[in-house]
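Input: a single structure, listed below in structure tokens.
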Amino acid sequence: SLKAFRANKVNQAAGSIALEGRKKLSPAEAMSLRAELMGQIATGTQRTAGTASYACETFGAGSLVTAAAADMGASEVVGAGDVMGKLLTAKKSFMSETCTNQAAKMMSNALLAQMYGSALAQQDGETFLNNMIAGMNNVMYQAAFGKVAGESAVRVVAPASDLSVTRMTMATLLGQLLYQNSPTETGLSAQASFTVPANLTSVFGTSAADINVHTHSYGVAPAAFGANIVSPLYGLTLSYADTGTAAKVANLTEPFIIRIPVDLSGLTATGKLLFTQQVKCVYWGGSSYVSDGCNVTSATNTLVTCACDHLTTFAINQDPNVEACGDSRKQSGRGEACDDRNLVNGDGCSSECTVEANWECYGREGSSSTCVNAISGSNPRTGEDGARATFRMTGFASETEVLENLGSFGQAVADQLTAQVGVKVDAEENVFVLTVCYGSQACTVINGDAFATRRLLPPPPPPP
């Protein structure tokens, strides 16, 4: 019978996991066992007429099989998503707190497995994420069955996910500021928030129907190949209370304002430096993370604010390909007069990539700038051995880099001497002796043929 079939699947899963606890299995054997069990659960789900009670039993078995997230393999992660996807067509009815918690636990464990290293191939990641978002939307819709507008929200929490659903009237929803917690496993204490526009007539018309308001957050961004996601996923879904059908919220004239906390601990020092210039608000488009319809309105290294003309699941991406002041690639087309690979004022090239007073900056288009300033008290002086002067120069990361760029270094000195003494100084013919002192390191004296030889070295390629 159907009932016996369902119980058999659940009991088989539970019994096998119990057996694993009594028998010493190798990590590979344990992973293989869990993968087989998850596959059996998914197969049984596909063959069986779906009901809410069957879904609950399946979530219970799935949460048991995925309990050891650190030991899960990619096939188990994909299997958890498949189970969720196949239950989308199950008959809808009230889903208990126990059931919703088991569903959230199963998917949270699948997310944790990806945090621990079981990365999915791009196509598998796409399928998993689509199944998880649609499946958990479906679960939360059923958790709100029988609710009336104004009742307290239903909240479901697991280590890598946090979900909430409440029912509101349209009048109450408009202009609301909705908060969503970050998943505990991410370590982020800050909340995301959504400011609802004051007008959603283009979506709901003049309907007075009650709306299910479902917010969620997930600690991992699957299928993020080619992206550099620095936040959890945060989403808002508005659905009709009577059918559970998600409203198509797009092309709004008044956008949703979304505030998303970020974690930059995984970025390089340069990535952190340039983050606020290279940040993008993105959303999951079904096969990739895209930014259409979303704009960054403000950004710090802890919080990014986006204005988006639609609803879906959002994240923050740092795109290193975006040209930025401080990336050591001077771009005149962006209004940069210099770029010395930092955002520090007082070193010749300002934090806005403009040349500061009493400095001169040199450097080819698309490369780092070298800035020169005559040190106070060392005015150029002339004598039998020529003109002498001391300059402060910035734009180098090390003494080695100074030596590798002696061509531009010598030219900068020549230009400064020309300006100071009023006599044309030629870098190739007249600059013979350089004493290079980098930071607190001992000074290096370069003269005669050695300087000429170094000066003729080809310049290094621009940084990637």
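A few notes on this one:
- Verdict on ASN212 being touching a residue at least 60 places away in the same chain (Cβ under 8 Å) and either within 22 Å of ILE133 (Cβ to Cβ) or among the hydrophobic types (A, V, I, L, M, F, W, C) (or both): yes
- ASN301 falls short on exactly one of the conditions (1) at pLDDT 95 or above; (2) crowded, with 21+ Cβ neighbours inside 10 Å; (3) part of a loop (DSSP other than H, G, I, E, B), and that condition is (2).
- Those residues of segment 221-245 which are over 23 Å from GLY125 (Cα atoms) and either in contact with a Gly (Cβ under 8 Å, 6 or more places away or on another chain) or not hydroxyl-bearing (Ser, Thr, Tyr) (or both), in sequence order: LEU238, ALA241, ASP242, GLY244
- The residue that is modelled with the lowest pLDDT, among those in segment 102-126 that are surrounded by fewer than 18 Cβ atoms within 10 Å (Cβ to Cβ) and either within 16 Å of PRO183 (Cβ to Cβ) or of a type in the set (S, T, N, Q) (or both), is TYR116.
- Qualifying positions in segment 338-350 - in contact (Cβ under 8 Å) with a residue 12 or more places away in the chain and either in a helix (DSSP H, G or I) or surrounded by fewer than 15 Cβ atoms within 10 Å (Cβ to Cβ) (or both): none
- Filtered by the rule that a residue be surrounded by fewer than 24 Cβ atoms within 10 Å (Cβ to Cβ) and either touching a Gly at 6+ places or on another chain (Cβ under 6 Å) or within 18 Å of ASN131 (Cα to Cα) (or both), segment 61-72 gives a lone residue, SER63.
- Only one of the listed residues (ALA171, ALA119, ALA134) is part of a helix (DSSP H, G or I) and under 30 Å from THR302 (Cα atoms). That residue is ALA134.
- Summed over segment 97-125, the residues that are within 20 Å of TYR289 (Cα to Cα) and either in contact with a strand residue (DSSP E or B) (Cβ under 9 Å, 6 or more places away or on another chain) or assigned by TED's automatic domain parsing to the domain that holds ALA224 (or both) give a count of 1.
- Subset of segment 351-370 [buried (at least 17 other Cβ atoms within 10 Å of the Cβ) and under 28 Å from the mean Cα position of the chain (by Cα)]: CYS353, SER367, SER368
- Residue list for segment 137-168, restricted to those being in a loop (DSSP other than H, G, I, E, B) and farther than 22 Å from ALA67 by Cβ: ALA144, PHE145, GLY146, LYS147, VAL148, ALA149, GLY150, GLU151, SER152, ALA153
- Condition met for ALA299 (touching a residue at least 40 places away in the same chain (Cβ under 8 Å) and closer than 30 Å to LEU233 by Cα): no
The values are calculated or read from the model by the stated rules, or taken from the named source; none is laboratory data. Quick caveat: nothing in here was measured; it's all calculated off a predicted structure. Cβ coordinates were reconstructed from backbone atoms using ideal geometry, including for glycine residues, and neighbour counts include every protein chain displayed.
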